[in-house]
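The structure under discussion appears below in the form of structure tokens.
The values are calculated or read from the model by the stated rules, or taken from the named source; none is laboratory data. Predicted, not measured: the structure shown is a model, and the values here were computed from it. Cβ sites come from the backbone with ideal geometry, for glycine too, and all protein chains shown count toward neighbours. To get the accessible areas, we keep the full protein, side chains included, count just its heavy atoms, and leave off ligands, DNA and RNA. Shrake-Rupley method; radii C 1.70, N 1.55, O 1.52, S 1.80 Å.
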Amino acid sequence: MNRWKLAQEIEIPSHIQNAIGRHPLVTQTLARRGYFDLEDIRGFLDPDAYHPSSPYDLPGMDDVVESLDKAIRQKKIICVWGDFDVDGQTSTTVLVSALSKLGGKVVFHIPVRKEESHGVNLPNLKRIIDSGAELILTCDTGISAVEEIAYARQRGVDILVTDHHDLPEHLPSANAIINPKMLPSDHPLANLPGVGVAYQVADALLQKNGDDETQQSFLDLVALGIVADLALLTKDTRFLLQKGLQILRQNQRFGLQVMLEIAELDPGLLSEEHIAFEIAPRLNAVGRLGNANDIVEFFTTDDRGKARLMAYQLEVLNEKRKLDTKHVFQAALAQIKTDPDLLKSSVLVLSHPSWPAGIIGIVASRLVERYQKPTLLISTPFGDMGRGSARSIPGVNITAAIAAHKDMLGSYGGHPMAAGFSIPADEDIETTITKFRKAISKTVSKMEDDTPAEPRVFDGYLPLNNLSDELVDDFECLAPFGAGNPALTLVSQNMEIINHTPLGKTQEHLLVSVKDEQQNAFRIVWWQGAGWDIPEGIFNLVYRARPINASGKKDIQIEWVDAQPPEKTTVQLHPKIRFEIVDYRGDINPVRKLHELQNQESIQIWGEGDENPPQSSHRFALYPGDALAIWSLPPGWDEIRAVIDLVKPKKIYLFAVDPGLEHFTEFTKRLIAFIKYSIAHYQGVIDPKLIAAKTAHKEVSVRAAIDWLITAGYFTLHTQEGSSLYLSPGTKKLESDQIIKNRLDFLLQETAAFRKMYKNIDIETLQKYMSD
């Protein structure tokens, strides 16, 4: 079971609530995600009310469009170089389609995973140039291909890079580069995935040639790539997904029509969930197990027979992926059943010679869900090196844990939540794995002691009996859901299991019947629930609810998220307010006002971030006293309450000075400066709590930023002692993990939303929350 806590409540102005006209949970969720302005809210809920950005906001767009337009007119051979995941597949198809529509001579290349891995590689680049390519246009890749692009330029071939991955320290010598990471982090286009960038290029190029309609037909592909790549669903990225889903529901692509038919999906009812769990896995199967170059024809063919044949080939690959995954998962469970002591370790390490290396990462993720502990699976084919895949839980940097024992490994790499590694082949690889299991278990155990996992957050209490079609439709207005905009997570208290039955072709899911205290019965779908322990007695159900259409009838699908012990009944005693608040948040000259107050009495000043008075102190440098001035905008209620508990003031003076550092770029730049200074003067020892206090942020945000910097190769984590981390300069800039980037963006947006609310909340409500 995970630990859960209720999301902080935000006071919603009555005019906002009345204008939206939705359930209070909807307006609460919008506020928590930073939407307070009515125009912004309308643009979030309705794509027709949103004003998308111009493609030319992206640096480099003019040069790329001019180069492509010139190449088309000069009949040059243009090669589009993509990637084998869904984002790369759809990016390639969008650009190939747009260039072909304009009469371009187009070829394309998508790397074959087993032979090439990700990115631009020299052997195939040489082959493509030798075959006559005169201009190469990358999509969803290329930003780190310094050596390869230099080679192409030496051969006299122009290179245009379109990518969305993090910028390396040294950019390649391409003729032009488009990457949304070059924009300020709060720009509406900053979180575009590869296919989003490709669409902007196609849009600008087609418009330059007087075509304002063709690009709309690419939005279905854009939707597929956005969801599959776990892009942050804010601003233009959300807008493109909303529009793309509309096009996808009117599906005109023969290949997708057959795929949906095989999957038994109604095109008119498609949602982002169908993309994530039905369509994307089928497309990713060909990238994982086959040749993704075939996907471009699958998306674009006007031959129904060929489309059907290709769809069934994809289905075969996907079934193989599912079957391999099931076999490895069952084999892993059998190992645990045979040796239950494996679960006594703080990390689960399993191996087998017959496990396919391309599948073990999927299985490791499922084992993490089941056992709530970091998991490492290792494929050990006879006579070959062992290849491992690791997945982790919040609070355990699995790559750092693996790195601590690199002397046992051949290679390793990854990010805090996932990693890959190899173990050298020798006559007794199992002995090496046993030693590695014991060593990494000690390391992970210490990490868990030093950094307890943060509880997950649910949005509100809502008994299942209160669900209705109208209410769930209200919640659904917040869709599409995904990274940066998760579906509402709710809790129904005091439930009890009636029975449960297997569900699905392979019976890996469960259909669970539960009842409440009034004996009302409900059916819950528990995805991947087979084999899990079923709660006994009374429990609190953590769930999500989505509308579905079952056999032509509208219904509500309740999805199992977790089970929690019932809360103990307690008498809530509300203490009397123990301090007076004086409000100067709107004062036009706060410096002068503070100086006046200091002349009247002794005041401690809690100030963090930039623009603080000389006498100010951060949250850990304060001490008990009668008067406290809260100078800068705090990051959250927990930090405010902790300071009040420490100082125990009788009077609080409120100011609202912006501490800055709210955006990804400026925040990470400041953090880089802190760490570099620490490396130069303090042997690389840093304390995330102290950095949080100096930057006016939450500790969880600082740790997420450090994870991102390590993932991106800026720094290397050597060890962790207590709350301190020991870092050194990174040896190579890498493509960081998008999930970590999305999490950091979400945390920063959450802090920005809190500060906006804090500036405007009324004193009575503010005092209540400060006292809770």
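Computed values, structure above
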item	result
Test item: Cα-centred dipole of the range 23-83, Lys/Arg +1 and Asp/Glu -1 on Cβ, debye	280
Cross-link pairs 235/554; 337/438; 181/235; 373/438 - those with Cα-Cα distance over 23 Å	235/554
Hits among lysines - C-alpha to C-alpha of residue 76 under 23 Å, sequence gap 8 or more where chains match	101, 105, 126, 208
Along each principal axis, Cα extent of the range 441-594, largest first, Å	71, 50, 37
All aspartates and glutamates inside 14 Å of residue 553 as judged from Cα atoms, apart from same-chain residues fewer than 8 positions distant	266, 469
Charge dipole (debye, nearest 20) of the chain; +1 at Cβ of Lys and Arg, -1 at Cβ of Asp and Glu	1120
The chain, accessible surface, carbon-and-sulfur percent (1.4 angstrom probe)	50
Per residue solvent-accessible surface (Å²) - the chain, probe of 1.4 Å	44
Given 5/759; 406/435; 243/505, the pairs whose alpha carbons are separated by over 22 Å	5/759; 243/505
Farthest toward positive dipole pole in the chain [+1 Lys/Arg, -1 Asp/Glu at C-beta], among 84, 193, 223	84
For the range 644-772, size of Cβ-based charge dipole, Lys and Arg +1, Asp and Glu -1, in debye	300
Most positive-pole-ward Cα, 766, 718, 744, against dipole of the chain from beta carbon charges	718
Mean Cβ count within 10 Å, highest first, over the residues of peptides 160-172, 233-245, 48-60	233-245, 160-172, 48-60
Positive-end extreme of charge dipole, the chain - chosen from 108, 510, 441 (charges on Cβ)	441
Reachable aspartates and glutamates from residue 694, criterion Cα separation under 18 angstrom, eight or more residues apart if same chain	608, 610, 611, 638, 639, 658, 662, 666
Sequence-distant residues sharing a close amide H with residue 528 (under 5 Å, placed H)	509, 510
Interchain or long-range residues, amide H under 5 Å from residue 4's placed H	456
³J(HN,Hα), Karplus 6.51/-1.76/1.60, whole Hz, each residue of the range 458-463, x for Gly, Pro	10, 8, x, 8, 8, x
Under 27 Å, Cα to Cα: Lys pairs in the range 572-692, sequence gap 8 or more or different chains	11
Linear extension gain, residue 658 paired with residue 470, 0.36 nm per residue minus alpha-carbon span	63.6 nm
When the chain is reduced to its Cα atoms, the Kirkwood hydrodynamic radius in Å	28.4
Relative packing of 539-549, 627-637, which averages over residues the other C-beta atoms within 10 Å, highest first	627-637, 539-549
Quotient of C-alpha Rg and 2.2 N^0.38 Å, computed over the range 335-429	1.01
Residues with amide H under 5 Å from that of residue 109, placed H, sequence gap 5 or more	80, 81, 82
Residue-wise HN-Hα coupling along the range 655-660, computed from phi with Karplus coefficients 6.51, -1.76, 1.60 (Hz; x: Gly, Pro)	10, 8, 7, 5, x, x
Estimated vicinal HN-Hα couplings, Hz - the range 610-620 in sequence order (Karplus 6.51, -1.76, 1.60; Gly, Pro = x)	8, 6, 9, x, x, 8, 6, 10, 7, 4, 9
